Amino acid sequence: MNFTPPDWQSEWASPDVKNWANGKFHVDMAQSMERACFDFMMIEDTVMVADAYGGTMEGSLKNAVFAPKQDPIPLAVMVAANTTKMGVVATMSTSFYPPYLLARACSTIDSIAEGRFGWNIVSSAEDRAAQNFGLEGLPEHDERYNVAEEYFDVVNKLWDSWEPDAVVMDRDTNTFADYRKVRTIDFEGKYFKSRGPLNTVPSPQHRPAFFQAGASPRGRAFAAGAADAIIAVGTGTAGMKEYRDDIRARAEQAGRNPDDIKLLFVVSPTIA
Ligand SMILES: Cc1cc2nc3c(=O)[nH]c(=O)nc-3n(C[C@H](O)[C@H](O)[C@H](O)COP(=O)(O)O)c2cc1C
């Protein structure tokens, strides 16, 4: 789902639909999903108003498709605070979030969610989004994944910059954290540089659950090396089997146990 207007023009719309951006509709949806035993909710995201159709923003804004789109992070916090079991996954782009900010936000939210937070790792695909961040356009497709791979490395090092038992909160010695268990990362890569350590305490999962939806060969390679769960578009039984076999083979190549990756196919049921 995404943090966009609900079905505001239908006769079934809530009398309060004009206030949809306060997040309460989406929290109500999350609570209903939790009652129905859903495992998690994933909030999709992009950071631009599209004008590809007809070279104008009319198509997007008149019909409320692709835009408006509210930031998924505050909504994820609201959902987490108003549910108790269901996971909440938010999308953040490796092309736009500085790694330190992302690592810190994920750690903070995972603590608020008591270990139920996930990050949908995307590298974005819209030049219009890049132009909101001072760039002419995005790097080309596979290069975006090269950046994402190094990004993934930095944020993991930041989450690991605190040993799990660094926080002691020992009244006898008046010690909050054992400073010897918190280290700088001194990361210097091709694209990123970060000193560390993170200035948040380790969260219950230590890092968010990782979601990815790579479909291209490069995207699949990244997903197979990084993701706890992969979401793919269902393309018929043969296509789904091919995708699954390929992801499992790539996971093995990356030195992972393929069974550690949950593979989920998107279906769009039509109820007649
Ligand atoms: C279920 C699903 C959700 C996705 N959510 C987002 C999203 O929120 N933001 C985004 O920029 N891309 C999103 N994507 C795009 C993927 O991250 C990915 O770029 C796409 O599947 C194409 O694969 P490729 O990057 O390997 O070419 C999503 C894709 C799928 C299938």
_Single match in R248, R218 (criterion: in contact with a Pro (Cβ under 6 Å, 6 or more places away or on another chain), assigned to a helix (DSSP H, G or I) and open to solvent by 30 Å² or more (accessible area, probe 1.4 Å))_ = R248
*asked:* Which pairs turn up if I take residues in region 1-24 that are of a type in the set (A, V, I, L, M) and look for partners that are away from the ligand (no atom under 16 Å from the Cβ) and open to solvent by 80 Å² or more (accessible area, probe 1.4 Å) with beta carbon separation below 8 Å, at least 6 apart in sequence or on another chain?
replied: A13/D7; V17/W8; V17/F25
*Name the helices (runs of 4 or more DSSP H) wholly inside region 79-172 in which the number of residues that are within 12 Å of the ligand (Cβ to nearest atom) and either open to solvent by 10 Å² or more (accessible area, probe 1.4 Å) or free of Cβ contacts under 8 Å to residues at least 12 places away in the same chain (or both) is 3 or more.*
141-159
*Members of region 199-208 that are surrounded by fewer than 20 Cβ atoms within 10 Å (Cβ to Cβ) and either within 16 Å of the ligand (Cβ to nearest atom) or of a type in the set (S, T, Y) (or both)*: T200
*In region 188-204, what residues are touching a residue at least 24 places away in the same chain (Cβ under 8 Å) and closer than 19 Å to S107 by Cα?*
S194, G196, P197, L198, N199, T200, V201, P202, S203, P204
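Could you pull out the residue among G239, G225 that is assigned to a helix (DSSP H, G or I) and in contact with a Phe, Trp or Tyr (Cβ under 9 Å, 6 or more places away or on another chain)?
G225
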*For region 34-48, how many residues are over 16 Å from the mean Cα position of the chain (by Cα) and within 16 Å of the ligand (Cβ to nearest atom)?*
2
*Which condition number in (1) within 22 Å of A226 (Cβ to Cβ); (2) out of contact with any Lys or Arg (no Cβ under 8 Å at 6 or more places or on another chain); (3) not aromatic (F, W, Y) is the one that S107 fails?*
(2)
*What's the number of the condition Y243 fails, among (1) surrounded by 19 or more Cβ atoms within 10 Å (Cβ to Cβ); (2) closer than 26 Å to P99 by Cβ?*
(2)
*Inspect all residues belonging to region 53-70 and state whether any of them is under 20 Å from the mean Cα position of the chain (by Cα), open to solvent by less than 20 Å² (accessible area, probe 1.4 Å) and within 17 Å of P6 (Cα to Cα).*
yes
_Could you tell me how many of the residues in region 210-247 are among the basic types (K, R), more than 12 Å from the ligand (Cβ to nearest atom) and farther than 23 Å from F40 by Cα?_
1
*Any chance region 49-58 includes a residue that's under 22 Å from S111 (Cα atoms) and part of a loop (DSSP other than H, G, I, E, B)?*
no
*Test set (1) touching a strand residue (DSSP E or B) at 6+ places or on another chain (Cβ under 8 Å); (2) away from the ligand (no atom under 16 Å from the Cβ); (3) part of a loop (DSSP other than H, G, I, E, B) - A30 fails condition number*: (3)
*If you check F187 against the conditions, is it more than 22 Å from the chain's Cα centre (by Cα) and surrounded by 16 or more Cβ atoms within 10 Å (Cβ to Cβ)?*
yes
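The values are calculated or read from the model by the stated rules, or taken from the named source; none is laboratory data. If you're wondering where the values come from, they're calculated on a predicted model, not measured in any experiment. Methodologically, a virtual Cβ is constructed for each residue, glycine included, from the backbone with ideal geometry; neighbour enumeration extends over all protein chains shown. Side chains included, ligands, DNA and RNA excluded: accessible areas come from the protein's heavy atoms. Shrake-Rupley method; radii C 1.70, N 1.55, O 1.52, S 1.80 Å.
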